[in-house]
1. For chain A, which semi-axes, largest first and in whole Å, follow from the square roots of 5 times the eigenvalues of its Cα gyration tensor?
2. Rounding to the nearest 20 debye, state how big the charge dipole of region A:5-259 is about its Cα centre with +1 on each Lys and Arg Cβ and -1 on each Asp and Glu Cβ.
3. Rounded to the nearest whole Å², what accessible area per residue is found for chain A with the 1.4 Å probe?
4. Quick one: net charge of A:Asp446's neighbours, Cβ under 12 Å, K/R +1, D/E -1?
5. Within the set of other residues whose C-beta is less than 12 Å from the C-beta of A:Leu312, count the net charge using Lys and Arg as +1 and Asp and Glu as -1.
6. What order do A:Met1, A:Met10, A:Met289 take when sorted by accessible area (1.4 Å probe), most exposed first?
7. Stretched out fully, how many nm does the piece from A:Ala428 to A:Ser302 gain, at 0.36 nm a residue minus the Cα gap?
8. About its Cα centre, how strong a charge dipole does chain A have in debye, to the nearest 20, once Lys and Arg get +1 and Asp and Glu get -1 at the Cβ?
Amino acid sequence: MRRVALYDSMTRSVRVLAPIQPPRVGLFVCGLTPYDEAHIGHARTFVFFDVVARALTRWGYRVFSVQNVTNLDDKIIARAGELDEDPLLLAERHFLAWLFLAGRLGIRSVNYYPRATDYVPEILAQIQALVDRGYAYPSQGSVYYEIAKFPRYGALSGQRTEALRPGARVEVDDAKRAPGDFVIWKAATPGEPSWESPWGPGRPGWHIEDTAITLRLFGPRYDLHGGGLDLIFPHHESEIALAEAATGESPLVNYWMHGGLLNLAGEKMSKSLGNVYSLRTAIDEFGPMVLRFYYLNAHYRSPLEFVRAESLPEAREAYARLVLPSDRIAEILDRDGAERPGAEGPPELLERAEDLVERLDTTLADDFNSREAIALLFGWTRELTEHLDRFPSYSGDTLAALQEPYDWASETLGLFERSSTGRAGAWAQVVPIAIAARARARARGDFAEADRIRDELSAVGVHLEDDAAGTRWDFSGPK
RNA sequence: GCCGAGGUGGCAGAAUGGUUAAUGCGACGGACUGCAGAUCCGUUUCCUGGGGGUUCGAUUCCCUCCCUCGGCUCCA
(Lines give C-alpha, C1' and ligand atoms only; values in the text may rest on other atoms or scores of the structure.)
Protein backbone atom coordinates (compact mmCIF):
# COMPACT_ATOMS: atom_id res chain seq x y z
CA MET A 1 0.00 0.00 0.00
CA ARG A 2 1.31 3.36 -1.01
CA ARG A 3 1.61 6.08 1.61
CA VAL A 4 -1.26 8.51 1.08
CA ALA A 5 -1.55 11.94 2.65
CA LEU A 6 -4.91 13.63 2.75
CA TYR A 7 -6.42 16.73 4.24
CA ASP A 8 -8.76 16.10 7.12
CA SER A 9 -11.36 18.79 7.77
CA MET A 10 -11.74 17.84 11.41
CA THR A 11 -8.12 18.45 12.38
CA ARG A 12 -7.62 20.94 9.54
CA SER A 13 -4.37 19.30 8.60
CA VAL A 14 -2.86 16.88 6.14
CA ARG A 15 -2.59 13.41 7.65
CA VAL A 16 -1.31 10.06 6.49
CA LEU A 17 -4.08 7.61 5.76
CA ALA A 18 -4.16 4.79 8.29
CA PRO A 19 -7.18 2.56 7.71
CA ILE A 20 -8.84 0.91 10.67
CA GLN A 21 -8.57 -2.52 9.03
CA PRO A 22 -5.93 -2.32 6.34
CA PRO A 23 -6.05 -2.76 3.45
CA ARG A 24 -9.77 -2.08 3.70
CA VAL A 25 -11.00 1.49 3.41
CA GLY A 26 -14.61 2.40 4.05
CA LEU A 27 -15.65 5.47 2.09
CA PHE A 28 -19.00 7.14 2.54
CA VAL A 29 -19.97 10.10 0.39
CA CYS A 30 -23.15 12.11 0.80
CA GLY A 31 -25.03 11.68 -2.42
CA LEU A 32 -27.76 13.60 -4.10
CA THR A 33 -31.20 14.55 -3.04
CA PRO A 34 -32.74 13.76 -6.42
CA TYR A 35 -35.65 16.14 -6.62
CA ASP A 36 -34.48 17.63 -9.90
CA GLU A 37 -31.85 17.30 -12.61
CA ALA A 38 -28.22 17.32 -11.53
CA HIS A 39 -26.17 20.42 -12.34
CA ILE A 40 -22.49 20.82 -13.16
CA GLY A 41 -21.63 21.62 -9.57
CA HIS A 42 -22.82 18.26 -8.27
CA ALA A 43 -20.66 16.26 -10.61
CA ARG A 44 -17.47 17.95 -9.47
CA THR A 45 -17.74 16.39 -6.05
CA PHE A 46 -18.61 12.93 -7.30
CA VAL A 47 -15.92 12.87 -9.97
CA PHE A 48 -13.42 13.75 -7.30
CA PHE A 49 -14.43 10.95 -4.96
CA ASP A 50 -14.39 8.58 -7.89
CA VAL A 51 -10.73 9.50 -8.32
CA VAL A 52 -10.10 8.92 -4.62
CA ALA A 53 -11.53 5.40 -4.87
CA ARG A 54 -9.76 4.62 -8.14
CA ALA A 55 -6.41 5.83 -6.84
CA LEU A 56 -6.65 4.04 -3.50
CA THR A 57 -7.55 0.86 -5.34
CA ARG A 58 -4.54 1.23 -7.60
CA TRP A 59 -2.34 1.70 -4.56
CA GLY A 60 -3.39 -1.55 -2.96
CA TYR A 61 -6.26 -0.51 -0.72
CA ARG A 62 -9.56 -2.32 -0.90
CA VAL A 63 -12.17 0.38 -1.05
CA PHE A 64 -15.80 -0.10 -0.17
CA SER A 65 -17.54 2.99 -1.46
CA VAL A 66 -21.07 3.92 -0.51
CA GLN A 67 -23.13 6.88 -1.65
CA ASN A 68 -26.51 7.39 -0.08
CA VAL A 69 -29.59 8.60 -1.88
CA THR A 70 -31.86 10.90 0.12
CA ASN A 71 -34.95 9.78 -1.65
CA LEU A 72 -37.47 11.45 0.61
CA ASP A 73 -37.38 14.96 2.02
CA ASP A 74 -39.37 18.18 2.00
CA LYS A 75 -38.19 19.25 -1.42
CA ILE A 76 -38.99 15.94 -3.02
CA ILE A 77 -42.43 15.97 -1.47
CA ALA A 78 -43.02 19.54 -2.59
CA ARG A 79 -41.92 18.82 -6.13
CA ALA A 80 -43.96 15.65 -6.30
CA GLY A 81 -46.97 17.65 -5.17
CA GLU A 82 -46.48 20.14 -8.00
CA LEU A 83 -46.21 17.36 -10.53
CA ASP A 84 -48.87 15.20 -8.95
CA GLU A 85 -46.38 12.34 -8.81
CA ASP A 86 -45.46 9.83 -6.13
CA PRO A 87 -42.49 11.28 -4.19
CA LEU A 88 -40.51 8.06 -4.07
CA LEU A 89 -41.01 7.45 -7.78
CA LEU A 90 -40.00 11.00 -8.59
CA ALA A 91 -36.83 10.56 -6.56
CA GLU A 92 -36.07 7.27 -8.24
CA ARG A 93 -36.58 8.79 -11.66
CA HIS A 94 -34.13 11.62 -10.99
CA PHE A 95 -31.68 9.29 -9.31
CA LEU A 96 -31.59 7.00 -12.33
CA ALA A 97 -31.09 10.00 -14.58
CA TRP A 98 -28.11 10.95 -12.42
CA LEU A 99 -26.78 7.41 -12.49
CA PHE A 100 -26.80 7.47 -16.26
CA LEU A 101 -24.90 10.76 -16.34
CA ALA A 102 -22.45 9.43 -13.77
CA GLY A 103 -21.86 6.45 -16.00
CA ARG A 104 -21.09 8.68 -18.94
CA LEU A 105 -18.69 10.62 -16.74
CA GLY A 106 -16.82 7.43 -15.95
CA ILE A 107 -17.89 7.34 -12.31
CA ARG A 108 -17.84 3.65 -11.58
CA SER A 109 -16.21 3.21 -8.20
CA VAL A 110 -19.37 3.38 -6.12
CA ASN A 111 -20.25 -0.05 -4.80
CA TYR A 112 -23.64 0.70 -3.35
CA TYR A 113 -26.25 3.43 -3.51
CA PRO A 114 -28.50 2.87 -0.48
CA ARG A 115 -31.89 4.59 -0.50
CA ALA A 116 -32.76 6.27 2.77
CA THR A 117 -36.22 4.73 2.87
CA ASP A 118 -34.74 1.24 2.74
CA TYR A 119 -33.21 1.88 6.16
CA VAL A 120 -36.24 2.88 8.19
CA PRO A 121 -35.83 -0.01 10.69
CA GLU A 122 -32.20 1.01 11.32
CA ILE A 123 -33.25 4.63 11.65
CA LEU A 124 -35.94 3.78 14.18
CA ALA A 125 -33.50 1.65 16.16
CA GLN A 126 -31.05 4.51 16.31
CA ILE A 127 -33.71 6.98 17.37
CA GLN A 128 -34.76 4.60 20.11
CA ALA A 129 -31.16 4.37 21.31
CA LEU A 130 -30.88 8.16 21.34
CA VAL A 131 -34.11 8.53 23.28
CA ASP A 132 -33.02 5.85 25.75
CA ARG A 133 -29.70 7.53 26.30
CA GLY A 134 -31.33 10.92 26.80
CA TYR A 135 -30.03 12.64 23.67
CA ALA A 136 -33.37 12.89 21.93
CA TYR A 137 -36.87 13.76 22.99
CA PRO A 138 -40.27 13.24 21.43
CA SER A 139 -42.43 16.30 20.97
CA GLN A 140 -45.72 16.77 19.13
CA GLY A 141 -45.38 13.55 17.19
CA SER A 142 -41.81 14.23 16.10
CA VAL A 143 -38.50 13.38 17.72
CA TYR A 144 -35.73 15.95 18.14
CA TYR A 145 -32.04 15.67 18.89
CA GLU A 146 -30.97 17.90 21.75
CA ILE A 147 -27.60 19.37 20.82
CA ALA A 148 -27.03 20.72 24.31
CA LYS A 149 -26.53 17.11 25.42
CA PHE A 150 -23.60 16.64 23.07
CA PRO A 151 -20.77 18.98 24.12
CA ARG A 152 -18.65 18.24 21.05
CA TYR A 153 -21.37 19.64 18.79
CA GLY A 154 -19.60 22.25 16.65
CA ALA A 155 -16.17 20.60 16.63
CA LEU A 156 -16.15 19.99 12.90
CA SER A 157 -17.60 23.27 11.71
CA GLY A 158 -16.24 25.60 14.36
CA GLN A 159 -19.78 26.77 14.93
CA ARG A 160 -20.73 27.61 18.45
CA THR A 161 -24.34 26.78 18.91
CA GLU A 162 -25.07 29.92 20.90
CA ALA A 163 -23.91 31.95 17.90
CA LEU A 164 -26.47 30.49 15.56
CA ARG A 165 -29.01 33.03 14.57
CA PRO A 166 -32.30 31.82 15.80
CA GLY A 167 -35.05 32.72 13.44
CA ALA A 168 -32.74 33.58 10.54
CA ARG A 169 -33.82 30.68 8.44
CA VAL A 170 -35.08 28.49 11.17
CA GLU A 171 -38.63 28.97 12.05
CA VAL A 172 -38.91 29.38 15.73
CA ASP A 173 -40.59 26.16 16.70
CA ASP A 174 -42.14 25.65 20.09
CA ALA A 175 -41.83 21.90 19.66
CA LYS A 176 -38.09 22.26 20.22
CA ARG A 177 -36.33 22.83 23.50
CA ALA A 178 -33.67 24.90 21.73
CA PRO A 179 -33.55 26.44 18.26
CA GLY A 180 -30.50 24.37 17.31
CA ASP A 181 -32.21 21.08 18.02
CA PHE A 182 -33.00 19.23 14.84
CA VAL A 183 -35.68 16.78 13.83
CA ILE A 184 -34.75 13.13 13.43
CA TRP A 185 -38.27 11.78 13.09
CA LYS A 186 -40.81 13.97 11.44
CA ALA A 187 -44.49 13.55 12.27
CA ALA A 188 -46.53 12.50 9.28
CA THR A 189 -48.59 14.93 7.28
CA PRO A 190 -51.60 13.41 5.54
CA GLY A 191 -50.83 12.31 1.99
CA GLU A 192 -47.09 11.95 2.52
CA PRO A 193 -45.24 8.64 2.71
CA SER A 194 -44.97 7.58 6.34
CA TRP A 195 -43.97 4.69 8.55
CA GLU A 196 -45.25 3.54 11.92
CA SER A 197 -43.06 4.23 14.92
CA PRO A 198 -43.26 4.25 18.73
CA TRP A 199 -43.77 8.02 18.47
CA GLY A 200 -46.49 7.86 15.88
CA PRO A 201 -46.48 7.74 12.09
CA GLY A 202 -43.78 9.78 10.40
CA ARG A 203 -40.67 9.80 8.25
CA PRO A 204 -36.92 10.11 8.86
CA GLY A 205 -35.19 13.46 9.25
CA TRP A 206 -32.30 14.23 6.94
CA HIS A 207 -29.20 13.80 9.09
CA ILE A 208 -30.07 10.49 10.66
CA GLU A 209 -30.38 8.48 7.48
CA ASP A 210 -26.65 8.63 6.81
CA THR A 211 -25.64 7.46 10.25
CA ALA A 212 -28.21 4.67 10.19
CA ILE A 213 -26.78 3.51 6.89
CA THR A 214 -23.14 3.72 7.92
CA LEU A 215 -23.75 2.07 11.29
CA ARG A 216 -25.26 -0.81 9.41
CA LEU A 217 -22.67 -1.03 6.66
CA PHE A 218 -19.47 0.11 8.38
CA GLY A 219 -20.15 -0.14 12.08
CA PRO A 220 -19.66 2.64 14.66
CA ARG A 221 -16.37 3.86 13.21
CA TYR A 222 -15.04 4.03 9.69
CA ASP A 223 -12.32 5.60 7.61
CA LEU A 224 -13.40 8.28 5.15
CA HIS A 225 -16.43 10.48 4.87
CA GLY A 226 -16.75 12.84 1.96
CA GLY A 227 -19.05 15.45 0.58
CA GLY A 228 -19.24 19.03 -0.58
CA LEU A 229 -17.98 21.84 1.63
CA ASP A 230 -21.53 23.07 2.00
CA LEU A 231 -22.49 19.98 3.96
CA ILE A 232 -20.19 20.53 6.91
CA PHE A 233 -22.83 22.37 8.84
CA PRO A 234 -25.30 21.30 9.87
CA HIS A 235 -25.29 17.95 8.12
CA HIS A 236 -21.94 16.42 8.98
CA GLU A 237 -21.84 18.06 12.37
CA SER A 238 -25.14 16.43 13.14
CA GLU A 239 -24.04 13.06 11.85
CA ILE A 240 -21.23 13.04 14.37
CA ALA A 241 -23.58 13.96 17.18
CA LEU A 242 -26.12 11.32 16.20
CA ALA A 243 -23.75 8.44 15.71
CA GLU A 244 -21.40 9.04 18.57
CA ALA A 245 -24.23 9.63 21.00
CA ALA A 246 -26.01 6.49 19.88
CA THR A 247 -23.00 4.19 19.98
CA GLY A 248 -20.83 5.81 22.62
CA GLU A 249 -17.88 5.36 20.27
CA SER A 250 -15.70 8.07 18.84
CA PRO A 251 -14.67 9.21 16.32
CA LEU A 252 -17.34 8.26 13.86
CA VAL A 253 -14.95 8.80 10.98
CA ASN A 254 -11.17 9.12 10.91
CA TYR A 255 -10.88 11.50 7.98
CA TRP A 256 -13.36 14.08 6.77
CA MET A 257 -12.84 15.08 3.17
CA HIS A 258 -14.67 18.05 1.70
CA GLY A 259 -14.62 19.16 -1.88
CA GLY A 260 -14.63 22.81 -2.89
CA LEU A 261 -17.67 24.13 -4.65
CA LEU A 262 -18.05 25.22 -8.20
CA ASN A 263 -19.00 28.87 -8.43
CA LEU A 264 -20.72 30.48 -11.31
CA ALA A 265 -18.38 33.41 -11.74
CA GLY A 266 -19.82 36.25 -9.78
CA GLU A 267 -23.15 34.60 -9.11
CA LYS A 268 -24.30 31.93 -6.77
CA MET A 269 -25.61 28.90 -8.55
CA SER A 270 -28.90 27.99 -7.06
CA LYS A 271 -32.17 26.73 -8.26
CA SER A 272 -34.03 29.62 -6.73
CA LEU A 273 -32.03 32.02 -8.92
CA GLY A 274 -32.73 29.91 -11.96
CA ASN A 275 -29.12 30.03 -13.09
CA VAL A 276 -28.18 26.38 -12.84
CA TYR A 277 -26.20 24.84 -15.63
CA SER A 278 -27.55 21.41 -16.37
CA LEU A 279 -25.04 18.59 -16.24
CA ARG A 280 -26.75 16.78 -19.06
CA THR A 281 -26.51 19.81 -21.33
CA ALA A 282 -22.84 20.21 -20.57
CA ILE A 283 -22.08 16.56 -21.27
CA ASP A 284 -24.07 16.55 -24.47
CA GLU A 285 -22.33 19.64 -25.71
CA PHE A 286 -18.74 19.00 -24.67
CA GLY A 287 -18.50 15.30 -23.96
CA PRO A 288 -17.99 13.68 -20.57
CA MET A 289 -14.20 13.59 -20.71
CA VAL A 290 -13.99 17.35 -21.16
CA LEU A 291 -16.14 17.80 -18.06
CA ARG A 292 -14.02 15.37 -16.10
CA PHE A 293 -10.87 17.12 -17.25
CA TYR A 294 -12.32 20.46 -16.27
CA TYR A 295 -13.07 19.33 -12.74
CA LEU A 296 -9.75 17.59 -12.18
CA ASN A 297 -7.82 20.49 -13.61
CA ALA A 298 -8.20 22.29 -10.28
CA HIS A 299 -7.32 21.13 -6.80
CA TYR A 300 -10.36 19.52 -5.25
CA ARG A 301 -10.36 21.78 -2.20
CA SER A 302 -10.19 25.04 -4.14
CA PRO A 303 -13.25 26.89 -5.25
CA LEU A 304 -13.62 26.63 -9.01
CA GLU A 305 -14.80 29.63 -10.97
CA PHE A 306 -17.07 28.49 -13.73
CA VAL A 307 -17.14 31.09 -16.46
CA ARG A 308 -20.21 30.29 -18.44
CA ALA A 309 -18.98 31.14 -21.90
CA GLU A 310 -15.33 30.19 -21.43
CA SER A 311 -14.59 27.38 -19.01
CA LEU A 312 -15.81 24.42 -21.01
CA PRO A 313 -14.58 25.60 -24.41
CA GLU A 314 -11.19 26.19 -22.83
CA ALA A 315 -11.21 22.74 -21.25
CA ARG A 316 -12.13 21.25 -24.60
CA GLU A 317 -9.10 22.84 -26.28
CA ALA A 318 -6.76 21.87 -23.50
CA TYR A 319 -8.00 18.31 -23.33
CA ALA A 320 -7.77 17.87 -27.08
CA ARG A 321 -4.15 18.93 -26.91
CA LEU A 322 -3.40 16.66 -23.98
CA VAL A 323 -4.72 13.52 -25.64
CA LEU A 324 -3.20 14.02 -29.07
CA PRO A 325 -0.15 11.72 -28.79
CA SER A 326 -2.21 9.14 -26.99
CA ASP A 327 -4.76 9.21 -29.78
CA ARG A 328 -2.08 8.79 -32.42
CA ILE A 329 -0.69 5.78 -30.62
CA ALA A 330 -4.12 4.25 -30.17
CA GLU A 331 -4.83 4.82 -33.83
CA ILE A 332 -1.78 2.78 -34.85
CA LEU A 333 -2.37 0.03 -32.31
CA ASP A 334 -6.06 -0.20 -33.19
CA ARG A 335 -5.08 -0.76 -36.79
CA ASP A 336 -2.04 -3.03 -36.46
CA GLY A 337 -2.44 -4.66 -33.07
CA ALA A 338 -0.12 -4.67 -30.09
CA GLU A 339 2.23 -7.19 -31.73
CA ARG A 340 3.09 -4.82 -34.52
CA PRO A 341 6.80 -5.02 -35.46
CA GLY A 342 8.94 -1.91 -35.69
CA ALA A 343 11.80 0.04 -34.22
CA GLU A 344 12.45 0.40 -30.53
CA GLY A 345 12.10 3.96 -29.30
CA PRO A 346 14.93 5.94 -27.70
CA PRO A 347 15.81 4.16 -24.43
CA GLU A 348 15.93 7.36 -22.43
CA LEU A 349 12.43 8.20 -23.57
CA LEU A 350 11.11 4.82 -22.50
CA GLU A 351 12.83 5.24 -19.17
CA ARG A 352 11.22 8.62 -18.66
CA ALA A 353 7.82 7.10 -19.29
CA GLU A 354 8.44 4.74 -16.42
CA ASP A 355 9.75 7.45 -14.11
CA LEU A 356 6.81 9.63 -14.96
CA VAL A 357 4.31 7.02 -13.83
CA GLU A 358 6.01 6.91 -10.45
CA ARG A 359 5.97 10.71 -10.22
CA LEU A 360 2.30 10.74 -11.10
CA ASP A 361 1.52 8.31 -8.30
CA THR A 362 3.57 10.33 -5.83
CA THR A 363 1.86 13.53 -6.87
CA LEU A 364 -1.64 12.16 -6.61
CA ALA A 365 -0.89 10.49 -3.30
CA ASP A 366 -0.15 13.94 -1.89
CA ASP A 367 -3.70 14.96 -1.07
CA PHE A 368 -5.00 13.98 -4.50
CA ASN A 369 -3.37 16.78 -6.41
CA SER A 370 -4.89 15.99 -9.76
CA ARG A 371 -3.99 19.41 -11.12
CA GLU A 372 -0.32 18.83 -10.62
CA ALA A 373 -0.63 15.37 -12.17
CA ILE A 374 -2.27 16.88 -15.23
CA ALA A 375 0.55 19.41 -15.51
CA LEU A 376 2.99 16.48 -15.58
CA LEU A 377 0.93 14.80 -18.27
CA PHE A 378 1.07 17.95 -20.36
CA GLY A 379 4.83 17.76 -20.06
CA TRP A 380 4.72 14.24 -21.44
CA THR A 381 2.49 15.32 -24.29
CA ARG A 382 4.96 18.05 -25.14
CA GLU A 383 7.82 15.57 -25.09
CA LEU A 384 6.03 13.04 -27.28
CA THR A 385 5.05 15.72 -29.75
CA GLU A 386 8.62 15.75 -31.01
CA HIS A 387 8.34 12.06 -31.81
CA LEU A 388 4.91 12.16 -33.39
CA ASP A 389 6.10 11.60 -36.93
CA ARG A 390 8.21 8.63 -35.83
CA PHE A 391 5.29 6.80 -34.20
CA PRO A 392 4.42 4.87 -37.38
CA SER A 393 7.87 3.28 -37.36
CA TYR A 394 7.80 2.20 -33.70
CA SER A 395 7.03 -1.32 -32.49
CA GLY A 396 3.90 -2.18 -30.58
CA ASP A 397 5.97 -2.61 -27.43
CA THR A 398 7.47 0.83 -27.75
CA LEU A 399 4.15 2.46 -28.41
CA ALA A 400 2.59 0.69 -25.44
CA ALA A 401 5.43 1.92 -23.24
CA LEU A 402 4.96 5.49 -24.42
CA GLN A 403 1.28 5.13 -23.71
CA GLU A 404 1.84 4.17 -20.07
CA PRO A 405 1.49 7.62 -18.48
CA TYR A 406 -1.79 8.00 -20.31
CA ASP A 407 -2.86 4.56 -19.17
CA TRP A 408 -2.14 5.75 -15.66
CA ALA A 409 -4.42 8.71 -16.20
CA SER A 410 -7.08 6.45 -17.56
CA GLU A 411 -6.94 4.20 -14.53
CA THR A 412 -6.79 6.82 -11.78
CA LEU A 413 -8.19 10.06 -13.19
CA GLY A 414 -10.60 8.30 -15.52
CA LEU A 415 -9.51 10.45 -18.44
CA PHE A 416 -8.53 9.18 -21.90
CA GLU A 417 -11.52 6.93 -22.19
CA ARG A 418 -12.44 6.42 -25.78
CA SER A 419 -15.98 5.96 -26.92
CA SER A 420 -16.95 2.63 -28.38
CA THR A 421 -17.93 4.37 -31.59
CA GLY A 422 -14.36 5.39 -32.32
CA ARG A 423 -12.33 3.99 -35.15
CA ALA A 424 -13.52 0.47 -34.53
CA GLY A 425 -16.66 -0.98 -36.00
CA ALA A 426 -18.15 -0.68 -39.42
CA TRP A 427 -16.48 2.60 -40.29
CA ALA A 428 -13.10 0.93 -40.27
CA GLN A 429 -14.16 -0.98 -43.38
CA VAL A 430 -15.59 1.90 -45.33
CA VAL A 431 -13.61 4.97 -44.52
CA PRO A 432 -10.19 3.89 -45.81
CA ILE A 433 -11.75 3.17 -49.18
CA ALA A 434 -13.31 6.62 -49.30
CA ILE A 435 -10.04 8.21 -48.21
CA ALA A 436 -8.18 6.41 -50.96
CA ALA A 437 -10.71 7.61 -53.52
CA ARG A 438 -10.32 11.14 -52.25
CA ALA A 439 -6.54 10.88 -52.46
CA ARG A 440 -6.79 9.91 -56.10
CA ALA A 441 -9.11 12.83 -56.77
CA ARG A 442 -6.69 15.22 -55.09
CA ALA A 443 -3.77 13.75 -57.03
CA ARG A 444 -5.46 14.53 -60.32
CA GLY A 445 -6.43 17.97 -59.14
CA ASP A 446 -10.15 17.28 -58.85
CA PHE A 447 -10.65 19.17 -55.60
CA ALA A 448 -14.39 19.47 -56.07
CA GLU A 449 -14.68 15.70 -55.90
CA ALA A 450 -12.21 15.54 -52.98
CA ASP A 451 -14.24 18.06 -51.01
CA ARG A 452 -17.48 16.27 -51.84
CA ILE A 453 -16.14 13.05 -50.34
CA ARG A 454 -14.96 14.88 -47.24
CA ASP A 455 -18.29 16.64 -46.83
CA GLU A 456 -20.25 13.46 -47.24
CA LEU A 457 -18.25 11.68 -44.58
CA SER A 458 -18.53 14.68 -42.31
CA ALA A 459 -22.30 14.61 -42.65
CA VAL A 460 -22.40 11.13 -41.14
CA GLY A 461 -19.93 11.96 -38.40
CA VAL A 462 -16.60 10.88 -39.88
CA HIS A 463 -14.12 13.73 -39.89
CA LEU A 464 -10.95 13.90 -41.98
CA GLU A 465 -7.77 15.79 -41.43
CA ASP A 466 -4.83 16.00 -43.80
CA ASP A 467 -1.32 16.22 -42.50
CA ALA A 468 2.16 15.36 -43.64
CA ALA A 469 1.69 11.65 -43.01
CA GLY A 470 -1.52 11.43 -45.00
CA THR A 471 -5.15 11.63 -44.08
CA ARG A 472 -6.35 10.77 -40.59
CA TRP A 473 -9.92 10.29 -39.52
CA ASP A 474 -12.09 9.82 -36.50
CA PHE A 475 -15.71 9.29 -35.76
CA SER A 476 -16.99 11.97 -33.44
CA GLY A 477 -20.57 12.09 -34.53
CA PRO A 478 -22.47 14.15 -37.08
CA LYS A 479 -21.92 17.91 -37.16
C1' G B 1 -23.32 39.30 13.13
C1' C B 2 -20.94 34.31 13.79
C1' C B 3 -18.28 29.96 11.47
C1' G B 4 -15.54 28.15 7.29
C1' A B 5 -12.92 28.35 2.49
C1' G B 6 -10.41 31.51 -0.78
C1' G B 7 -7.92 36.23 -3.15
C1' U B 8 -1.60 34.38 -7.92
C1' G B 9 -0.46 37.05 -15.27
C1' G B 10 -6.00 38.98 -20.20
C1' C B 11 -8.65 34.19 -18.25
C1' A B 12 -8.55 29.35 -15.63
C1' G B 13 -5.31 27.48 -12.13
C1' A B 14 -0.64 24.88 -9.36
C1' A B 15 3.57 25.29 -6.29
C1' U B 16 7.44 26.95 -2.98
C1' G B 17 11.06 30.21 3.39
C1' G B 18 15.79 31.57 -1.48
C1' U B 19 18.68 31.47 -8.75
C1' U B 20 14.14 33.17 -14.70
C1' A B 21 6.51 31.64 -9.74
C1' A B 22 4.20 25.65 -12.98
C1' U B 23 0.56 24.01 -16.54
C1' G B 24 -3.30 25.17 -19.86
C1' C B 25 -6.46 28.65 -22.58
C1' G B 26 -6.24 33.10 -25.18
C1' A B 27 -3.30 36.65 -28.04
C1' C B 28 0.68 37.83 -31.54
C1' G B 29 4.42 36.23 -35.28
C1' G B 30 6.12 32.23 -38.37
C1' A B 31 6.06 27.07 -40.75
C1' C B 32 3.04 23.50 -43.26
C1' U B 33 -1.57 23.29 -46.73
C1' G B 34 -5.17 23.21 -53.36
C1' C B 35 -8.74 24.68 -49.54
C1' A B 36 -10.47 23.71 -44.64
C1' G B 37 -8.94 21.95 -40.28
C1' A B 38 -5.39 20.18 -37.33
C1' U B 39 -0.45 20.29 -36.04
C1' C B 40 4.50 22.29 -35.28
C1' C B 41 8.08 26.41 -33.87
C1' G B 42 8.73 31.16 -31.45
C1' U B 43 6.96 35.38 -28.39
C1' U B 44 3.60 36.81 -24.41
C1' U B 45 11.28 39.18 -19.50
C1' C B 46 6.82 44.30 -16.03
C1' C B 47 1.36 38.49 -12.21
C1' U B 48 1.23 36.37 -5.60
C1' G B 49 -5.53 41.80 -2.59
C1' G B 50 -3.81 46.41 0.98
C1' G B 51 -0.85 47.52 5.41
C1' G B 52 2.33 45.97 9.29
C1' G B 53 5.61 42.10 11.60
C1' U B 54 9.22 37.74 11.95
C1' U B 55 13.65 36.56 8.79
C1' C B 56 19.91 37.46 5.75
C1' G B 57 15.61 36.51 2.44
C1' A B 58 8.14 35.74 2.11
C1' U B 59 4.05 34.98 -2.60
C1' U B 60 4.80 31.05 1.33
C1' C B 61 4.95 31.97 8.52
C1' C B 62 2.27 35.70 12.15
C1' C B 63 -1.14 40.05 12.96
C1' U B 64 -4.64 43.34 10.86
C1' C B 65 -7.79 45.38 7.16
C1' C B 66 -10.45 44.90 2.50
C1' C B 67 -12.90 41.79 -1.05
C1' U B 68 -15.22 37.07 -3.01
C1' C B 69 -17.60 32.46 -2.14
C1' G B 70 -19.98 28.87 1.13
C1' G B 71 -22.71 27.71 5.79
C1' C B 72 -25.90 29.45 9.90
C1' U B 73 -31.51 23.55 9.81
C1' C B 74 -33.14 22.36 1.55
C1' C B 75 -27.99 22.56 -0.72
C1' A B 76 -22.34 18.40 -4.00
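The values are calculated or read from the model by the stated rules, or taken from the named source; none is laboratory data. Note that the structure is a prediction, hence the values are computed from the model and not measured. Glycine gets a Cβ as well: all are built from the backbone with ideal geometry, and neighbour counts include every protein chain shown. Only protein heavy atoms, including side chains, enter the accessible area calculation; ligands, DNA and RNA are left aside. Shrake-Rupley method; radii C 1.70, N 1.55, O 1.52, S 1.80 Å.
1. Here the semi-axes work out to 51, 26, 18 Å.
2. Details: 25 positive and 30 negative charges, 234 e Å.
For this selection, approximately 1120 debye.
3. On a per-residue basis, 46 Å².
4. The answer is +3.
5. Local charge sum for A:Leu312: -2.
6. Details: A:Met1 130, A:Met10 60, A:Met289 20 Å².
Order by accessible area, largest first: A:Met1, A:Met10, A:Met289.
7. Contour length minus the Cα-Cα distance gives 41.0 nm.
8. 380
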